[in-house]
Each structure stands twice: as structure tokens, then as C-alpha cells.
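A.B. asks: So that we are looking at the same thing, I have put the structure below in C-alpha cells.
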Amino acid sequence: MTQIWNRLQDHRKAQGDRRIESLFDADRATDYRVQADGLTFDYSKTMIDADARNLLLDLVGPVAARRDAMFAGERINETEGRAVLHTALRNLSGSVTVDGQDVMPAVRDTHARMSDFARRVRDGGFSGQGGRITDVVNIGIGGSDLGPAMAVLALAPFHDGPRTHFVSNVDGADIADTLKGLDPATTLVIVASKTFTTIETMTNAQTARDWMAKAVADPGAQFVALSSAKGKAAEFGIDEARVFGFEDWVGGRYSVWGPIGLSLMLAVGPDAFDEFLAGGAAMDAHFRTAEPAQNLAVMLALTGIWHHQICGYPTRAVLPYDNRLMRLPAYLQQLEMESNGKRVAMDGSDLPVVSGPVVWGEPGTNGQHAFYQLIHQGTMPVPCEFILAARGHEADLAHHHILLAANCLAQSEALMRGRSLDEARALMADKGLTGAELERQARHRVFPGNRPSTTLLIDQLTPFTLGQIVALYEHRVFVEGVILGINSFDQWGVELGKELALQVEPLLKGEDAPGHDASTEALAALIRGMRG
Ligand SMILES: O=P(O)(O)OC[C@H]1O[C@H](O)[C@H](O)[C@@H](O)[C@@H]1O
């Protein structure tokens with residue numbers, strides 16, 4: 001493996017200042033793309049050439065065995081001793097055994113219970129103490145929030161159920177702003193927490209319960225729990241008929257496919273939710289069977305590795321040209337950074353290369369008028385991952401969609417092509433400038449270009465294609481993780497801050513709390529003073 005990394009680095013150096021455009025021959029636009037199940041991933045506007053691609057493909061040796069182990073239910077999350085089977089949640093007709101036991105009957109049973117409950121809420125068979133459920137509030141954080149919050153927004157054209165709200169932050173502002181204007185008697189509260197111990201979620205759940213208790217006789221009757229800790233949900237006072245459980249082999253950031261997706265199911269209905277699952281399952285089938293060079297997840301992963309580990313670009317921008325995918329970058333931040341932001345390999349040794357990149361982004365075209373300046377003219381290239389649907393949902397606004405798509409393609413073209421000093425000089429000469437002033441002004445108008453981007457093109461954003469996209473990114477993270485030797489399924493890095501928060505709390509209350517550094521003590525004293 002080290003040898004391949006070295007050869008890739010050498011190859012990158014040998015490319016020198018060669019330009020992406022110079023790689024284009026008659027076939028590159030179709031050779032450097034993968035098409036499967038209606039999706040196209042175009043990576044031709046990158047510096048990946050034939051040699052780079054071959055070397056990158058040499059990295060995927062260990063992926064197939066690890067992938068098969070994951071789908072077979074082996075405990076590939078070795079630091080937590082768990083299987084990794086979120087894929088089982090979307091392959092309902094399958095059969096998977098963990099420790100000799102088929103896990104699918106329970107998965108199917110929970111899915112059927114969720115679907116039945118969602119139907120009853122949507123048709124009024126289950127109602128609140130003041131009548132039909134009008135609003136659903138999902139209380140959860142991290143993986144118990146980002147997936148359904150992202151997907152509900154993405155699938156707005158299919159949303160025909162109750163209004164859906166999401167509360168995640170322990171900042172009381174979040175729940176206060178959300179509950180304001182809602183009628184407790186017609187609101188359903190979902191407490192979504194895999195562990196049912198997360199302090200933010202438990203604090204918000206209690207606040208929601210107090211709010212509900214002021215208005216209805218039986219507040220618990222309008223609560224639902226989604227958790228793998230069923231006992232704790234019962235302790236909170238939620239009837240087991242409204243507890244939808246899942247096993248510890250579903251990681252938080254991979255959990256939208258099961259009970260954690262209930263708010264999505266309530267919004268779009270069980271049939272559309274099943275379409276979402278079917279999209280994910282189709283991507284699983286593709287990932288398991290397509291050759292590496294024709295495998296969407298593998299090539300997306302290798303492009304990421306090329307840009308981050310080989311070219312050394314520290315971040316990657318995800319830029320959906322689709323307003324309804326506005327929460328996808330936030331969703332992918334957790335998926336990618338919590339999965340592959342690790343400094344040691346599975347065996348505890350230091351990673352031989354850097355770990356995963358910073359992932360960020362905003363929908364186009366908004367970002368163009370905010371941070372694209374840096375992307376085009378800053379000193380550090382930012383690989384851009386554009387996502388675009390060929391068709392929007394607003395048939396009467398097709399001209400908007402053409403403009404949207406034109407902007408997306410124009411940005412990737414501009415990033416690659418840039419504008420030379422001579423072109424900038426000609427522009428300034430046209431404006432009547434001459435001499436030193438022409439030169440000075442021209443330099444500000446140069447775009448270096450040669451900046452890499454990829455485009456993921458889909459037909460239209462639907463439950464099915466959203467399922468494909470989310471599963472594609474999951475498998476991309478998986479492939480990158482296997483190549484780096486990382487355990488993509490634990491998240492020890494979030495623990496220390498949580499532990500210290502518990503120790504800082506007494507400091508803010510003015511109680512005895514030894515062991516803090518001078519800066520933390522001084523800031524806490526200031527806060528205490530301001531609070532009076
Ligand atoms: O679902 P929960 O158990 O409440 O966890 C919510 C989130 O908090 C944790 O700190 C992890 O970093 C996330 O991976 C998880 O999704």
C-alpha cells in the first residue's frame with residue numbers, strides 16, 4: 001500500500017503545472033465518468049489521467065472483502081465490537097445473520113409497525129387530544145436529526161402529511177422558537193435518540209413534555225420514541241406501542257433508513273419512504289456488483305482521495321444546485337467527518353496519510369454570491385462536487401431550472417478554464433486602460449483556472465434518487481475509510497467535550513469545580529458575572 005501511495009505522489013509531482021484542459025482528448029468526457037441506474041458521475045474536469053486512475057484503482061484491493069464482510073453482518077466496527085448493517089434497513093426482503101441469528105424478521109416487523117403508525121397519523125386514525133395531528137416535532141441531534149431533517153426538505157414536493165419540525169440544539173432558543181405557535185393538543189413529539197441518553201435530546205424532550213403537560217391530560221400519549229434503548233424510553237413514560245427500536249449495528253449517522261426516519265415517513269407517507277429505501281437498496285446492489293472503475297461509490301471515493309491525500313487540498317465543497325438539498329452539506333459533514341476524521345488506523349497505528357477532509361458547502365446559486373470568490377481566486381484550490389438534477393419539479397418554472405443548470409455547468413467550466421493574464425489585459429484595454437494601470441487592474445481579473453470539480457447528475461430529485469444519493473455517499477465514505485485503514489463507524493472524538501461539559505456545568509453555577517485551566521475559569525467567572 002505504501003508503495004502505491006508513493007507512486008501516486010510521484011505521479012502527481014510529475015504532472016507539474018499541466019492543465020486539466022490539456023488532458024481532454026476525443027473520449028475523455030465519456031471515459032472519465034461513471035453511469036449507473038440513471039446517475040452520472042463526471043470526474044473528467046480533474047487532473048486524474050490514465051496513470052493516476054490506474055494507480056488509484058490499485059488502492060481498492062482490500063475494499064471488496066471488507067464490503068462483503070459488512071453486508072454479511074460481521075463485526076467490522078472493531079472498536080465498538082459491532083456489526084454495521086444499516087444496509088439491512090433498506091433491503092427488507094433480504095436475510096442477514098448476526099451471531100447466527102437472522103435479524104431481518106425484527107427489522108421487517110418494526111418497519112411494518114412504523115408504516116402502520118404513520119398511516120394512522122396521516123389519516124387521523126391516531127389523533128392528539130385536541131384532534132387530528134397537525135404538527136410533528138422531531139427532537140434529536142446528530143444522526144438522529146440530520147438525516148430526516150435533510151430528507152424532509154429534499155422531498156418537499158412529496159410532503160403531504162403533517163407539518164414537520166426539527167429541534168436539535170440544547171440552546172433553549174431552538175425549542176422555544178419551534179414550539180411557539182404550535183398547538184400541544186394536535187402536536188406529536190418524536191424523541192429520536194439511539195442511546196436515549198444524549199443530554200441535548202433529553203433536555204429538549206423534558207421541556208416538550210412540560211409544554212405538553214400544561215395543555216393535555218395525558219402528555220405521554222402524544223410522544224413517540226425512536227431508540228435502541230427501549231427500556232430508557234419506557235422510563236421516560238412512552239408506551240411501548242409507540243417505541244420503535246433498532247439494534248446497535250445501525251450507526252447514528254447511518255440511521256435515517258429505519259425508525260429514525262419516522263418523521264420523514266410521516267411527512268411523505270410510507271409508500272414514498274419505501275421508494276427512498278428502494279433507491280438506497282439499488283445503490284447497494286450497484287456497489288456490490290459493479291467493477292471498481294464503473295462503480296459510482298468507488299470512483300467518487302478515489303476522486304476524493306486524489307484531491308485530499310494526493311493533491312493535498314484540505315477541504316472539499318459539496319455544492320448542490322438544488323435548493324431542496326440545502327441540508328445535504330450539513331448531513332455529509334457528519335457522515336464524512338465523523339466517519340473518517342480519525343488519526344489512527346483500525347489496528348491503533350498512526351495513519352500513514354492524512355485522514356478525511358473538511359467537508360462544507362451550500363446550494364448553488366446562493367454560494368456563487370458569497371464564497372465562490374475564494375474558490376476561483378483564493379490561493380488554495382477547493383475541489384468542488386456539484387450535484388444537479390436535469391429536471392426540477394416546477395413545470396411552470398422550467399426557465400428557472402435552465403438558468404440553474406447553466407450556472408452549475410458554467411461554474412465547473414470557469415473553474416477549469418479560468419481567465420489568462422492576456423485575456424484580462426484585453427478586457428482592460430477595451431475599457432481604455434493603458435500602461436501600469438492596465439497591468440495592475442488586469443492582474444486582479446485573472447482566474448488561474450485548473451481547479452478541479454466533479455458533477456453528479458441525476459434526472460430529478462425524488463424519494464428514489466435521494467435514496468441513491470445518500471447510499472452513494474455512505475459507500476463513498478466506506479471505500480475511503482477502508483483504503484485509509486480507518487474504522488469509519490466509531491466516533492470517540494466526540495466524547496471528551498461531552499465529558500468536560502458535565503464538569504464545566506458546576507463551574508458556571510458557581511459550585512466547587514476544581515481541575516480547570518485558567519482560561520476556562522476566567523471565562524466562566526465572566527459569564528457568572530454577566531448573568532448576575
Ligand atoms: O441518537 P443519539 O444516541 O442521541 O446520538 C446522537 C448523536 O450524538 C453523538 O454524540 C454522536 O456524535 C452522533 O454520532 C450521534 O448521532
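The values are calculated or read from the model by the stated rules, or taken from the named source; none is laboratory data. Everything numeric here is computed off the predicted structure, so don't read it as measured data. Glycine gets a Cβ as well: all are built from the backbone with ideal geometry, and neighbour counts include every protein chain shown. Areas reflect the complete protein model, heavy atoms only, side chains present, ligands, DNA and RNA absent. Shrake-Rupley method; radii C 1.70, N 1.55, O 1.52, S 1.80 Å.
A.B. asks: Condition test on Phe126, is it in the same structural domain as Glu200 (by the TED database), within 16 Å of the ligand (Cβ to nearest atom) and among the aromatic types (Phe, Trp, Tyr)? Outline the logic, then answer.
C.D. replies: Working: in the same structural domain as Glu200 (by the TED database): yes; within 16 Å of the ligand (Cβ to nearest atom): no; among the aromatic types (Phe, Trp, Tyr): yes.
The answer is no for Phe126.
A.B. asks: Does Met337 satisfy the criteria of being open to solvent by 30 Å² or more (accessible area, probe 1.4 Å) and within 16 Å of the ligand (Cβ to nearest atom)?
C.D. replies: Details: open to solvent by 30 Å² or more (accessible area, probe 1.4 Å): yes; within 16 Å of the ligand (Cβ to nearest atom): yes.
In short, yes.
A.B. asks: Pairs under 8 Å by beta carbon, first residue part of a strand (DSSP E or B) in region 348-363, partner open to solvent by 60 Å² or more (accessible area, probe 1.4 Å), six or more apart or different chains?
C.D. replies: Correct list of pairs: Asp350/Arg343; Val358/Met337; Val359/Gln333; Val359/Met337; Trp360/Gln333.
A.B. asks: Right, next: With the requirement that a residue be away from the ligand (no atom under 16 Å from the Cβ) and surrounded by 14 or more Cβ atoms within 10 Å (Cβ to Cβ), what does region 479-505 give you? First the steps, then the outcome.
C.D. replies: So in region 479-505, the residues away from the ligand (no atom under 16 Å from the Cβ) come out as 479-480, 482-485, 503-505.
If the condition is that a residue be away from the ligand (no atom under 16 Å from the Cβ) and surrounded by 14 or more Cβ atoms within 10 Å (Cβ to Cβ), then Val479, Glu480, Val482, Ile483, Leu484, Gly485, Val504 are the ones that fit.
A.B. asks: Additional query: Against the definition (surrounded by 23 or more Cβ atoms within 10 Å (Cβ to Cβ), without any contact (Cβ under 8 Å) to a residue 60 or more places away in the chain and within 16 Å of the ligand (Cβ to nearest atom)), how does Val84 come out, yes or no?
C.D. replies: Values: surrounded by 23 or more Cβ atoms within 10 Å (Cβ to Cβ): yes; without any contact (Cβ under 8 Å) to a residue 60 or more places away in the chain: no; within 16 Å of the ligand (Cβ to nearest atom): yes.
It is false that Val84 is surrounded by 23 or more Cβ atoms within 10 Å (Cβ to Cβ), without any contact (Cβ under 8 Å) to a residue 60 or more places away in the chain and within 16 Å of the ligand (Cβ to nearest atom).
A.B. asks: Of all residues being in contact with a Leu (Cβ under 6 Å, 6 or more places away or on another chain) and part of a loop (DSSP other than H, G, I, E, B) in region 235-262, which is most open to solvent (accessible area, probe 1.4 Å)? Just the residue, please.
C.D. replies: Selected residue: Trp249.
A.B. asks: State which residue is farthest from the ligand (Cβ to nearest atom) when the search covers only region 186-206 and only residues that are surrounded by fewer than 18 Cβ atoms within 10 Å (Cβ to Cβ) and either touching a residue at least 24 places away in the same chain (Cβ under 8 Å) or aliphatic (A, V, I, L, M) (or both).
C.D. replies: The first filter runs over region 186-206 and keeps only residues surrounded by fewer than 18 Cβ atoms within 10 Å (Cβ to Cβ), leaving 195, 197, 199, 203, 206.
Filter again for either touching a residue at least 24 places away in the same chain (Cβ under 8 Å) or aliphatic (A, V, I, L, M) (or both), leaving 195, 197, 199, 203.
Values: Thr195: 3, Thr197: 7, Ile199: 9, Thr203: 12 Å.
Taking the candidates together, the pick is Thr203.
A.B. asks: Can you pull out the residues in region 415-460 that are open to solvent by less than 20 Å² (accessible area, probe 1.4 Å) and on the phi > 0 side of the Ramachandran plot?
C.D. replies: Gly418, Gly449
A.B. asks: For residues that are more than 25 Å from Glu200 (Cβ to Cβ) and more than 18 Å from the chain's Cα centre (by Cα), scanning just region 129-155, find the one that is most open to solvent (accessible area, probe 1.4 Å). Quick ask: steps written out before the conclusion?
C.D. replies: Step one: filter region 129-155 for residues more than 25 Å from Glu200 (Cβ to Cβ), giving 129-132, 134, 155.
Now drop any that are not more than 18 Å from the chain's Cα centre (by Cα), which leaves 129-132, 134.
Working: Gln129: 86, Gly130: 51, Gly131: 25, Arg132: 133, Thr134: 54 Å².
Going through the qualifying residues, I end up with Arg132.
A.B. asks: So, one more: Only one of Leu332, Leu388 is assigned by the TED database to the domain that holds Leu8 and assigned to a helix (DSSP H, G or I). Can you tell me which? Reasoning before the result, please.
C.D. replies: Numbers: Leu388 fails: assigned to a helix (DSSP H, G or I).
Being assigned by the TED database to the domain that holds Leu8 and assigned to a helix (DSSP H, G or I) holds for just one of Leu332, Leu388, which is Leu332.
A.B. asks: Count, please, the residues in region 26-57 that happen to be exposed (fewer than 13 other Cβ atoms within 10 Å of the Cβ) and in a loop (DSSP other than H, G, I, E, B).
C.D. replies: Count: 2.
A.B. asks: Another one. Go through (1) open to solvent by 20 Å² or more (accessible area, probe 1.4 Å); (2) of a type outside the set (Val, Ile, Thr); (3) within 19 Å of Asp271 (Cβ to Cβ); (4) within 16 Å of the ligand (Cβ to nearest atom) and name the single condition Ser93 misses.
C.D. replies: For Ser93, the exception is condition (4).
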